[in-house]
Amino acid sequence: MPFYIQAEITLKTNIFATRNVCIELLPIIKPHGRVVNVSSSEGSKALENCSTDLQKKFQCETLTEEDLVDLMNKFVEDTNNEVHEREGWPKSAYGVSKLGVTVLSRILAQHLDEKRKADRILLNACCPGWVKTDMGGAHGPRTVEEEADTPVYLALLPPDAIEPHGQLVHDRVVQNW
């Protein structure tokens, strides 16, 4: 499959579908609700392999949801035009899509803080890790049950919890990225 098609399909599935679900469901999440988006450490690797300019954009605390959508669309456009590497993008569509999920989670958490702070809804991204699945292959070091620990932990944070929020979490630990 040509890389530009892989990029388009992967971003539609991982970042844009996640965003669409959040747009529909966040307004109806009850107080003390928990939102867990599935990301990957591949997103962090993709960030490291972006140009300095792109890294600054993704790490900017004032990046808007619309800005993120524009960046994701630019990646797809640049792959279609075969200029993504020259434009500073990494070679991994999966990594870029998961970078988008992590950044989207940070942005949506900020929105929740601005609009529904008193509801104490926590929204995070998590990295389940390399798992023995059809996608991960037989060499994944962990079982599905083992890797479910962090998403379940985040989903079941107690009602009085105030963190983590807007973070990437792996093995119950907030990741610096």
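In terms of distances greater than 32 angstrom between alpha carbons, the cross-link table entries 56/117; 91/117; 30/91; 30/74 yield 91/117; 30/91; 30/74. When 5, 28, 23 are compared by accessible surface with a 1.4 Å probe, the order from highest to lowest is 28, 23, 5. For the range 63-102, just say rounded, prolate or oblate: build the C-alpha gyration tensor, square-root its eigenvalues into a ≥ b ≥ c, call rounded for a/c under 1.5, and beyond that prolate if a/b exceeds b/c, oblate if not. Judged from the Cα gyration tensor, the range 63-102 comes out oblate (a/c at least 1.5, b/c at or above a/b).
By accessible area, using a 1.4 Å probe on protein heavy atoms only, the chain has 53% of its surface on carbon and sulfur. Comparing 128, 159, 151 in a Gaussian network model of the chain where C-alpha atoms under 10 Å apart are linked, the largest mean-square fluctuation is found at 159. Charge tally around residue 123: other residues with Cβ under 15 Å, Lys/Arg +1 each, Asp/Glu -1 each, net +2.
With the Cα gyration tensor of the range 23-104 giving a ≥ b ≥ c as the square roots of its eigenvalues, does the rule (a/c under 1.5 for rounded; else a/b larger than b/c for prolate; else oblate) give rounded, prolate or oblate? It is prolate, given that a/c is not under 1.5 and a/b is the larger ratio. Taking a Cβ cut-off of under 14 Å around residue 163, the surrounding Lys, Arg, Asp and Glu residues balance to a net charge of +3, with basic ones at +1 and acidic ones at -1.
Charged side chains reduced to their Cβ positions (Lys and Arg at +1, Asp and Glu at -1) give the chain a dipole of some 300 debye around its Cα centre.
Per residue, the accessible area of the range 1-78 comes to 57 Å², computed with a 1.4 Å probe over protein heavy atoms only. Legend: residues 1, 72, sorted from most to least accessible area (1.4 Å probe; ligands, DNA and RNA excluded), read 1, 72.
The values are calculated or read from the model by the stated rules, or taken from the named source; none is laboratory data. In this text, all values refer to a predicted model and were calculated from it rather than measured experimentally. Neighbour counts are summed over all protein chains in view; Cβ atoms, including those assigned to glycine, are modelled from backbone coordinates with ideal geometry. Accessible surface is based on the protein model in full, side chains and every heavy atom, while ligands, DNA and RNA are left aside. Shrake-Rupley method; radii C 1.70, N 1.55, O 1.52, S 1.80 Å.
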